[in-house]
Amino acid sequence: MQVMVTGGAGFVGSHLVDALVRRGDHVVVQYTESVALRLKKPGGPPHATVEQEVARAEPGQMPGAEAAQVVTATAKIVQINRRDQTATLVGPRGKRFTVKVKDPTILDRVRVGDRVQATYRESLAISVQPAPTQ
């Protein structure tokens with residue numbers, strides 16, 4: 001696969017690619033996303049926290065970096081769709097979002113109106129691996 005660096009980062013990005021990546025190197029990009037829900041007992045005000053992490057390769061190593069964001073919020077279940085295995089939640093600021101539930105038996109243990117603690121994690125990792133030897 002060939003990749004072209006374009007857009008606003010095209011000029012700077014293309015020079016970074018020239019400086020850091022050699023012909024034949026493999027650029028690996030991994031994107032992950034996960035949601036965890038935990039039933040929360042009533043009490044306490046709704047809240048949300050955001051944590052961010054960034055890491056990059058040490059000097060002398062092949063180029064690479066990872067960035068992650070974790071959002072944890074108390075939310076209220078406003079709709080359950082067992083057929084689609086989803087639950088619709090309302091967060092502390094009134095924003096609605098729907099989450100897919102992998103284990104359908106979990107939906108049997110919650111009801112509309114229950115409070116849950118939702119943790120959403122999103123990360124992106126980019127690494128450069130040397131071209132395979134011929």
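Tell me whether region 78-95 contains one or more residues that are aliphatic (A, V, I, L, M) and not in a strand (DSSP E or B).
no
For region 110-125, which residues satisfy the criterion of being open to solvent by less than 30 Å² (accessible area, probe 1.4 Å) and of a type in the set (Ser, Thr, Tyr)?
Correct list: SER123 only.
Please count how many residues of region 31-61 are β-branched (Val, Ile, Thr), modelled with pLDDT of 85 or more and open to solvent by less than 100 Å² (accessible area, probe 1.4 Å).
Final tally of qualifying residues: 3.
Which one of VAL21, VAL78 is among the aliphatic types (A, V, I, L, M) and in contact with a Leu (Cβ under 8 Å, 6 or more places away or on another chain)? Reasoning before the result, please.
Details: VAL21 fails: in contact with a Leu (Cβ under 8 Å, 6 or more places away or on another chain).
The match here is VAL78.
Considering each of ARG38, ARG115, ARG82 in turn, give the residue that is of a type outside the set (A, V, I, L, M) and touching a Lys or Arg at 6+ places or on another chain (Cβ under 8 Å).
Unique residue meeting the criteria: ARG115.
For region 79-105, what are the residues that are touching a residue at least 12 places away in the same chain (Cβ under 8 Å), surrounded by 14 or more Cβ atoms within 10 Å (Cβ to Cβ) and either touching a His at 6+ places or on another chain (Cβ under 8 Å) or over 19 Å from VAL50 (Cα atoms) (or both)?
Those that are touching a residue at least 12 places away in the same chain (Cβ under 8 Å), surrounded by 14 or more Cβ atoms within 10 Å (Cβ to Cβ) and either touching a His at 6+ places or on another chain (Cβ under 8 Å) or over 19 Å from VAL50 (Cα atoms) (or both): ILE80, GLN85, THR86, ALA87, VAL101.
The values are calculated or read from the model by the stated rules, or taken from the named source; none is laboratory data. For clarity, every value in this text was computed on a predicted model and none was experimentally measured. Note that we place each Cβ from the backbone using ideal geometry, even for glycine, and neighbour counts take in every protein chain shown. Side chains included, ligands, DNA and RNA excluded: accessible areas come from the protein's heavy atoms. Shrake-Rupley method; radii C 1.70, N 1.55, O 1.52, S 1.80 Å.
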